[in-house]
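The values are calculated or read from the model by the stated rules, or taken from the named source; none is laboratory data. Not measured: the values here are computed from a predicted model. With ideal geometry, Cβ positions are generated from the backbone for all residues, glycine too; neighbour counts draw on all protein chains shown.
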Amino acid sequence: MAGAKYFLETFGCQMNILDSQLVEGQLRARGMTPVGNYRDADVILFNTCSVRQHAEDKVFSRLGQIKGFKQSRPATIVGVIGCMAERVKQNLFVRAPHLNLICGPGELSQLPTLLDQVWERREQVAALAGSQARRARVPRHAREDDRLEALDLSRSPDVGGSVLQSYLRVQRGCDKFCTYCVVPFVRGPERSRPPDNIVAEARRLVGFGCREITLLGQTVNSYVYEEDGRAVRFAKLLERVHEVAGIDRIRFVTSYPADWEEDIFRVMRDYPRIMPYLHIPAQSGSDRVLKAMRRNYTAGSYLKLMDTARKYVPDIALAGDFIVGFCGETEEDFQRTVDLVRRVQYEGLFIFKYSPRPGTKADRIGDDDVPHDVKTLRNNELLAIQSEISHRRKQVLIGREVEILVEGPSKAARKAQGETSSQQRTRGKHSPTFSSRSGPQIRPTTDTGKPTIQLVGRTPGDLMAVFDAPPDHIGAVVKVYVESASAQTLFGRVTKIVSPARSAEGIAAH
Ligand code: 5AD
Ligand code: SF4
């Protein structure tokens with residue numbers, strides 16, 4: 001399909017963003033080129049998420065939107081890849097007969113072959129792990145993992161997003177089976193990647209110009225790999241990645257409280273390039289609900305863990321996920337969640353209304369009995385509480401200097417430069433999504449006499465900062481003096497360049 005144009009839209013989590021980058025690498029290696037509008041594309045792909053019904057509804061709505069276009073240009077290939085393909089399976093063809101291809105997240109290495117098949121034979125094709133994914137674990141996954149390893153290791157520079165901050169998968173799948181969650185069904189069993197491959201990938205990323213790596217796993221801290229008869233656990237893996245020269249920042253998401261080992265805090269404390277940031281979902285503050293969710297910890301043990309986190313890493317930024325309106329959640333249960341949120345004092349929260357997922361235990365035996373408007377009320381109450389906490393915690397930073405890795409122009413500056421919204425969409429979760437004070441794109445000058453634009457970057461604790469600086473600061477690590485703050489964003493000015501953006505020669509020298 002050399003020369004064909006593709007449009008790829010990504011929904012969902014960081015894992016999907018990484019999968020999309022790898023898919024793009026494959027397509028580009030075969031001579032295909034990306035376009036920002038599906039109407040210009042020969043191949044339209046949606047990389048999808050199944051974690052909540054709303055995410056799936058959005059994809060059905062997209063499929064509806066492109067139906068007329070597909071009818072007017074029947075040769076266009078339309079594909080649904082990722083979690084929703086694995087969950088809904090061939091029923092997707094029933095609901096959207098204009099769909100040509102479905103491919104689950106564990107089969108993405110086959111995508112180019114599937115596209116060729118559709119192109120040549122004009123038939124609907126599917127590549128899914130199906131129920132085998134869990135049944136025949138060892139033999140099947142030994143083969144599948146080889147293919148997926150090759151895919152992860154095939155990364156090319158700057159595909160589908162900035163390489164400055166890159167994701168690196170350390171683990172696939174999940175074995176926890178929290179009762180509400182569809183992930184173990186669509187991404188298969190938990191498998192940790194070989195540490196040598198992870199380190200090799202980190203080195204390659206540095207070679208491409210990466211300065212910040214986020215290690216990805218559904219329960220990243222549960223990482224364990226048998227090597228020469230000894231278990232390499234997550235703390236050890238962090239040490240090994242920390243040894244890779246050229247990485248300035250290491251993060252990891254998402255952590256699972258029940259599998260936490262204190263050794264990881266020790267490594268976070270002792271290794272300066274591991275950022276003081278921990279995304280560790282609690283999901284609820286009620287022990288009754290936590291039990292029904294099968295999370296394997298109590299609110300008390302979670303709180304104790306957060307206290308230990310602060311003991312080891314006093315400036316740690318904590319982020320969490322909460323589900324409101326889970327089956328049987330009473331007002332009393334919800335107030336326990338409010339108590340927990342107030343106690344922990346997170347930097348930021350992700351709050352979700354419970355959405356029953358077919359096939360999960362909660363959907364089979366639970367009753368989605370919290371009315372939608374009650375879920376909305378609880379969601380809003382929690383948001384308001386967190387917003388106040390976030391605002392207050394950011395005020396403390398006013399008048400202080402923070403260290404920032406400069407990511408690029410702010411959303412407002414990009415808009416002024418004429419970037420389309422679909423280009424912005426493919427930037428993914430780590431992209432700046434705040435609404436900032438807009439202004440002229442190029443501002444007068446700094447002390448250096450250089451014109452400036454509005455730039456964004458993040459603190460070690462992952463807080464977003466906005467400031468005016470010359471474009472050559474992009475990719476640098478700088479100190480920013482914080483002048484003001486909203487609940488979402490810090491505003492300030494650059495006081496010092498800690499480490500300039502690396503030139504290609506600088507990268508090669510590493
Ligand atoms: N309904 C609502 N939220 C969910 N999550 C996972 N499954 C569901 C569901 N069925 C949330 C959890 C998880 C985050 C990625 O999504 O909070 O941590
Ligand atoms: Fe889903 Fe629980 Fe696994 Fe997280 S740990 S992916 S919430 S099953």
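So how many residues does the stretch 306-324 have that are in contact with a Pro (Cβ under 8 Å, 6 or more places away or on another chain) and over 9 Å from residue 284 (Cα atoms)?
First, pick out the residues of the stretch 306-324 that are in contact with a Pro (Cβ under 8 Å, 6 or more places away or on another chain): 313, 315-317, 320-322.
Now narrow it down to the ones that are over 9 Å from residue 284 (Cα atoms): 313, 315-317, 320.
Total satisfying the criteria: 5.
Looking only at strands (runs of 3 or more DSSP E) that lie completely in the stretch 158-275, which have at least 1 residues being within 15 Å of ligand 2 (Cβ to nearest atom) and either within 26 Å of residue 24 (Cα to Cα) or of a type in the set (S, T, N, Q) (or both)?
Numbers: elements: 165-169, 212-216, 224-227, 230-233, 249-253.
So the answer is 165-169, 212-216, 249-253.
Restricting to the stretch 334-369, give me the number of residues that are of a type outside the set (A, V, I, L, M), under 30 Å from residue 463 (Cα atoms) and more than 22 Å from the chain's Cα centre (by Cα). Give the steps one after another, and end with the answer.
First, the residues of the stretch 334-369 that are of a type outside the set (A, V, I, L, M): 334-337, 339, 342-343, 345-348, 350, 352-361, 363-364, 366-369.
Still in the list and also under 30 Å from residue 463 (Cα atoms): 334-337, 339, 342-343, 345-348, 350, 352-355.
Among the residues that remain, those that are also more than 22 Å from the chain's Cα centre (by Cα) are: 334-337, 339, 342-343, 345.
Residues meeting the conditions: 8.
Only one of these conditions is not met by residue 183: (1) closer than 19 Å to residue 260 by Cα; (2) within 16 Å of ligand 1 (Cβ to nearest atom). Which number is it?
(1)
Please pick out the residue among 383, 318 that is over 30 Å from residue 271 (Cα atoms), without any contact (Cβ under 8 Å) to a residue 60 or more places away in the chain, within 16 Å of ligand 1 (Cβ to nearest atom) and out of contact with any Gly (no Cβ under 6 Å at 6 or more places or on another chain). Steps first, please.
Values: 318 fails: over 30 Å from residue 271 (Cα atoms).
Among 383, 318, only 383 is over 30 Å from residue 271 (Cα atoms), without any contact (Cβ under 8 Å) to a residue 60 or more places away in the chain, within 16 Å of ligand 1 (Cβ to nearest atom) and out of contact with any Gly (no Cβ under 6 Å at 6 or more places or on another chain).
Those residues that are away from ligand 2 (no atom under 16 Å from the Cβ) and either crowded, with 17+ Cβ neighbours inside 10 Å or acidic (Asp, Glu) (or both), I need them from the stretch 354-383; list them, please.
367, 368, 369, 370, 373, 375, 378, 379, 381, 382
What's the number of the condition residue 237 fails, among (1) away from ligand 1 (no atom under 16 Å from the Cβ); (2) in contact with a Cys (Cβ under 6 Å, 6 or more places away or on another chain); (3) aliphatic (A, V, I, L, M)?
That leaves (2) as the condition not met.
Would you pick out the residues in the stretch 283-323 that are of a type in the set (S, T, N, Q), more than 14 Å from ligand 2 (Cβ to nearest atom) and touching a Ser or Thr at 6+ places or on another chain (Cβ under 7 Å)? Spell out the reasoning first.
Of all residues in the stretch 283-323, those of a type in the set (S, T, N, Q) come to 283-284, 286, 296, 298, 301, 308.
Keeping just the survivors that are more than 14 Å from ligand 2 (Cβ to nearest atom) gives 286, 298, 301, 308.
Correct list: 286 only.
Output the residues belonging to the stretch 1-11 that are surrounded by 22 or more Cβ atoms within 10 Å (Cβ to Cβ) and either among the small types (Gly, Ala, Ser) or within 18 Å of the chain's Cα centre (by Cα) (or both).
Within the stretch 1-11, 8, 10, 11 qualify.
Which members of the stretch 45-81 meet the condition of being touching a Phe, Trp or Tyr at 6+ places or on another chain (Cβ under 8 Å), among the hydrophobic types (A, V, I, L, M, F, W, C) and more than 30 Å from residue 360 (Cα to Cα)? Let's see the steps before the verdict.
Residues of the stretch 45-81 touching a Phe, Trp or Tyr at 6+ places or on another chain (Cβ under 8 Å): 45-49, 52, 55, 58-59, 62-63, 66, 69, 76-77, 79-81.
Subset that is among the hydrophobic types (A, V, I, L, M, F, W, C): 45-46, 49, 55, 59, 63, 66, 69, 77, 80-81.
Matches in the stretch 45-81: 66, 69, 77.
Within 16 Å of residue 130 (Cα to Cα) and assigned to a strand (DSSP E or B), is that true of residue 81? Before the answer, list the steps.
On the way: within 16 Å of residue 130 (Cα to Cα): yes; assigned to a strand (DSSP E or B): yes.
Judged against the criteria, residue 81 is a match.
For the stretch 1-14, state whether one or more residues are in a strand (DSSP E or B), out of contact with any Phe, Trp or Tyr (no Cβ under 6 Å at 6 or more places or on another chain) and polar (S, T, N, Q).
Taking the stretch 1-14 and keeping what is in a strand (DSSP E or B), we get 5-10.
Remaining after also requiring out of contact with any Phe, Trp or Tyr (no Cβ under 6 Å at 6 or more places or on another chain): 5-6, 8, 10.
Then drop every residue that is not polar (S, T, N, Q), which leaves 10.
Looking for residues that are in a strand (DSSP E or B), out of contact with any Phe, Trp or Tyr (no Cβ under 6 Å at 6 or more places or on another chain) and polar (S, T, N, Q), one finds at least one in the stretch 1-14, hence yes.
What is the residue count in the stretch 217-240 for residues that are surrounded by fewer than 22 Cβ atoms within 10 Å (Cβ to Cβ) and within 27 Å of residue 499 (Cα to Cα)?
2
Residue check: is residue 232 within 29 Å of residue 405 (Cβ to Cβ), β-branched (Val, Ile, Thr) and touching a helix residue (DSSP H, G or I) at 6+ places or on another chain (Cβ under 7 Å)?
Details: within 29 Å of residue 405 (Cβ to Cβ): yes; β-branched (Val, Ile, Thr): yes; touching a helix residue (DSSP H, G or I) at 6+ places or on another chain (Cβ under 7 Å): yes.
Here the answer is yes, as residue 232 does meet what is asked.
What do you reckon, is residue 302 aromatic (Phe, Trp, Tyr), within 16 Å of ligand 1 (Cβ to nearest atom) and surrounded by fewer than 22 Cβ atoms within 10 Å (Cβ to Cβ)? Steps first, please.
Numbers: aromatic (Phe, Trp, Tyr): yes; within 16 Å of ligand 1 (Cβ to nearest atom): yes; surrounded by fewer than 22 Cβ atoms within 10 Å (Cβ to Cβ): no.
Judged against the criteria, residue 302 is not a match.
For residue 334, are the conditions met, namely being touching a residue at least 24 places away in the same chain (Cβ under 8 Å), more than 23 Å from residue 215 (Cβ to Cβ) and aromatic (Phe, Trp, Tyr)?
Details: touching a residue at least 24 places away in the same chain (Cβ under 8 Å): yes; more than 23 Å from residue 215 (Cβ to Cβ): yes; aromatic (Phe, Trp, Tyr): yes.
Against the criterion (touching a residue at least 24 places away in the same chain (Cβ under 8 Å), more than 23 Å from residue 215 (Cβ to Cβ) and aromatic (Phe, Trp, Tyr)), residue 334 qualifies.
Only one residue in 326, 334 is more than 16 Å from ligand 2 (Cβ to nearest atom), modelled with pLDDT of 95 or more and surrounded by 19 or more Cβ atoms within 10 Å (Cβ to Cβ). Which one? Quick ask: steps written out before the conclusion?
Working: 326 fails: more than 16 Å from ligand 2 (Cβ to nearest atom).
The unique qualifying residue is 334.
Residues in the stretch 84-126 that are under 22 Å from residue 182 (Cα atoms), β-branched (Val, Ile, Thr) and not in a strand (DSSP E or B): how many?
Selection size over the stretch 84-126: 2.
From 239, 243, which residue is closer than 29 Å to residue 183 by Cβ and not basic (Lys, Arg)? Working first, answer last.
Details: 243 fails: closer than 29 Å to residue 183 by Cβ.
Going through 239, 243 in turn, the sole match is 239.
State all residues of the stretch 22-46 that are in a strand (DSSP E or B), surrounded by fewer than 19 Cβ atoms within 10 Å (Cβ to Cβ) and free of Cβ contacts under 8 Å to residues at least 40 places away in the same chain; if no residue qualifies, say none. Please lay out each step first, then the result.
Filtering the stretch 22-46 down to residues in a strand (DSSP E or B) leaves 33-34, 43-46.
Cutting the leftovers down to surrounded by fewer than 19 Cβ atoms within 10 Å (Cβ to Cβ) gives us 33-34.
Result: 33, single match.
In the set 376, 360, which member is within 29 Å of residue 291 (Cβ to Cβ) and without any contact (Cβ under 8 Å) to a residue 24 or more places away in the chain? Full working, then the answer.
Details: 360 fails: without any contact (Cβ under 8 Å) to a residue 24 or more places away in the chain.
Exactly one of 376, 360 is within 29 Å of residue 291 (Cβ to Cβ) and without any contact (Cβ under 8 Å) to a residue 24 or more places away in the chain, namely 376.
Return the residue satisfying two criteria in turn: it lies in the stretch 243-267 and is closer than 25 Å to residue 478 by Cβ and under 21 Å from the mean Cα position of the chain (by Cα), and of such residues it is surrounded by the most Cβ atoms within 10 Å (Cβ to Cβ).
Of the residues in the stretch 243-267, the ones closer than 25 Å to residue 478 by Cβ are 244-253.
The next check asks that each one be under 21 Å from the mean Cα position of the chain (by Cα); those that pass are 247-253.
On the way: 247: 21, 248: 20, 249: 21, 250: 22, 251: 22, 252: 26, 253: 23.
Restricting to residues being closer than 25 Å to residue 478 by Cβ and under 21 Å from the mean Cα position of the chain (by Cα), the top hit is 252.
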